[in-house]
Amino acid sequence: WFIQHLGRTTDVESMLTAAYNVNFSAPVRFCQTVGDDTTVIRVPRNLQKRVDTVKQTLGKNKISNIKAGKLLIQSRNPSRNQSAGYVLGKFEQPTLCSKGWKHNKSIGDHFTINNVTAVAPFIVKAVDQPSFKNLPICKELLEALHNMDITHPTTVQLECIPKILKGHNILCAAETGSGKTLSYLLPVVHRLQADKSCGTHAEGANSIRTIVLVPSRELAEQVAAVSRTLCSPFGLLTKTVGGGRGVGHIKGIFRRNQPDILVATPGALAKALRRRCLYLSHLKFFVVDEADTMFDHSFSHMLEDILHYTHISSNPRETRGLDHKAQLLVVGATFPGGVGDVLSRVMDLGSMVVVKSKMLHLLMPHVKQMFLKVKGADKILELQQALKQLQQEKGGGAVLVFCNKSATVNWLGYMLEEMGVQHLRLQGEMPAAVRAGVFLSFQKGVVDVLVCTDIGSRGLDTSKVRLVVNYDCPESYTDYIHRAGRVGRAGGPTDVEVLSFVCHPWDVELVQKIETAARRRSCLPGMKSVISQPKPKEM
Ligand SMILES: Nc1ncnc2c1ncn2[C@@H]1O[C@H](COP(=O)(O)OP(=O)(O)OP(=O)(O)O)[C@@H](O)[C@H]1O
């Protein structure tokens, strides 16, 4: 009966064997032969129930992805949860928590991608943890790091520093907050002071030896501050030049002392080069930070212009001697598909050594990420609730609120003012004078809430931030990675969270892709980069 009922014998056997390890080659205890030669198999009721359950589950194409232990995906509907120990296969179709979120009935639904590790993957494990003393950098720099309370290098620093010191051109692609700034500044300062002390560098030569190119003035100030700390024992000079000011201001920067290290935004540097305010003939290092922004169409033409003024080495030997060429260091946390093509147009990728982190373009496993389907008009109340909750549950902390447009930043600012929430605003349409110092005040903890556009998501070090709120869902995966990357940074707090408000159908599509990537532990779609195999420049 059982076999007739279920179908072909082999299917039942294989199903039972696979599911419950029933051995059909062994004698069957419940087998009887009746008078007319018909074999009757009696299956114990419990086993029969279990077979039915397996049949049902397989029939509905459901995957049992909930095991005991911590949950990776936690939903309001528990049947959509996924255990931390389960990784969805490439061809398995998940039932997403965000399924049906395009419908108005889903308003109020939410799910969380839990953090599955306490420590960021770029922190080297305690066993055999190498210290900066194991790296070939001078003792003054070790002392400076000690003063900054930094003792052990991150994975990217361990890989990059020796390679840069050997004179290679580097393409460094590592996740947000993994300490990329120090991974290039430490070897740069070490080499500059070594050249200075052995007299290779002509004292008083009126030229710049390192340029660090970054996309925003805030980031320029931040990188320059780290550089000044590292340079102070050697008397090396760091200066910044950014846009938004007149040519007179730019000329003034270079009038007296030329800096050893110049941290610049592309527009201002291109202007300074055209006006012959500086010369790059003695350039030793050319660093491009936040590379994907620098190589997108808004900046790439300026970058091409700037690269015309430089002589980039094609192998480590060319970086030494009096007629040396500059080492090129390209650094970034996201290299979406297509950036590799732009890169190969402006530089010889074949000459570059690639340092690529294993976690590149993956969701951060140490950061809790929550998604809430909400009506546009209710976002402000949800934000207020989130701020209150942070205060009550964690005793407060710094919060970054991201909007997609400058106008929304202004509007939200007024609303928060009405509610009596102290905050700062940062967006690209602000006059330079108003914008200056806003981020620094936030970093110093003068005010705990910063409402900003994506200007605040690129490279800025927000180690004290505990909560990131995507008031507007980001427009791309790259933006999501950078915004979420403002928490969970090296040296920062560990109980951090990203909260995203999901409103529009296009937001839902982005969230569904993020959820699928989290369930599969795979790269976000479209983020597969070609940087793993740099190709030589085509002639
Ligand atoms: N080895 C280390 N140990 C502890 N903290 C570190 C270490 N290296 C850097 N940090 C700190 O980590 C924070 C993040 O560093 P940094 O801004 O360089 O990250 P990043 O990789 O450039 O991030 P992003 O991609 O967002 O620009 C900084 O506050 C820095 O002081």
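When all alpha-carbon pairs of the stretch 426-513 are counted, what percent fall beyond 18 Å?
Values: 1779 of 3828 pairs.
That tail contains 46 percent of the Cα-Cα pairs.
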Hand me the trypsin sites (Lys or Arg not before Pro) from the stretch 394-464 located in a DSSP loop with no more than 15 other Cβ atoms within 10 Å, in residue order please. K405
Along each of its three principal axes, how wide is the spread of alpha-carbon positions in the stretch 307-425, in whole angstrom units, largest first? 62, 31, 29
Just want the answer: with Cβ charges of +1 for Lys and Arg and -1 for Asp and Glu, which residue in G332, I306, T293 is farthest toward the dipole's positive end in the stretch 132-356? I306
Relative contact order of the stretch 132-356, please, whole-number percent, based on alpha carbon pairs below 8 angstrom and at least 6 residues apart. 27 percent
Between the stretch 95-112 and the stretch 397-436, what is the C-alpha centre distance in whole Å? 29 Å
Using θ = phi - 60° and Karplus 6.51 cos²θ - 1.76 cosθ + 1.60, couplings along the stretch 309-325 (whole Hz; Gly, Pro as x): 7, 10, 10, 8, 6, 10, 7, x, 4, 6, 8, 10, x, 6, 9, 5, 10
For V401, residues with placed amide H under 5 Å, excluding near neighbours: L450, V451, C452, V469
extent check for the stretch 132-356: Cα max minus min per principal axis, descending, whole Å, gives 43, 43, 34
Would you mind computing, in nm to one decimal, how far apart the modelled labels at D149 and A432 are, each placed 7 Å from Cα along Cα→Cβ? 3.5 nm
Given a Förster radius of 41 Å and the C-beta distance between K102 and M419 as r, what FRET efficiency does 1/(1 + (r/R0)^6) yield to the nearest 0.05? 0.85
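I want the local charge near P316. Using Cβ-Cβ distances under 10 Å, sum +1 for each Lys or Arg and -1 for each Asp or Glu among the other residues. Write out the running numbers ahead of the final one.
Working: positive: K163, K166, R317, R320; negative: E318.
Net charge in that neighbourhood comes out at +3.
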Based on the Cβ-Cβ distance from V54 to R521, what FRET efficiency comes out when R0 is 41 Å, to the nearest 0.05? 0.95
Can you list the residues, at least 5 places off or on another chain, whose amide H is less than 5 Å from the amide H of I170, using H built in the peptide plane? L328, L329, V330, V353
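So, with +1 on the Cβ of K and R and -1 on the Cβ of D and E, and no other charges, what is the size of the charge dipole of the stretch 132-356 about its Cα centre, to the nearest 20 debye?
Working: 25 positive and 20 negative charges, 159 e Å.
With only Lys, Arg, Asp and Glu charged at Cβ, the dipole is about 760 debye.
Tally Lys/Arg at +1 and Asp/Glu at -1 over every other residue whose Cβ is under 12 Å from the Cβ of I306; what's the total? Walk me through the intermediate numbers first.
Values: positive: K271, R274; negative: E304, D305.
Residues close to I306 contribute a combined charge of 0.
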Table column - 3J(HN,Hα) (Hz), the stretch 191-197, Karplus curve with 6.51, -1.76, 1.60, x for Gly and Pro: 5, 5, 5, 5, 5, 5, 6
In range of the label at A377: residues from the stretch 399-427 whose backbone nitrogen is under 18 Å from the point 7 Å along Cα→Cβ: 412, 415
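Read-outs throughout are calculated quantities, based only on the coordinates presented, and are distinct from any laboratory measurement. Remember, predicted model here, so these are calculated numbers, not experimental data. Positions of Cβ are backbone-derived with ideal geometry, glycine not excepted, and every protein chain shown enters the neighbour counts.
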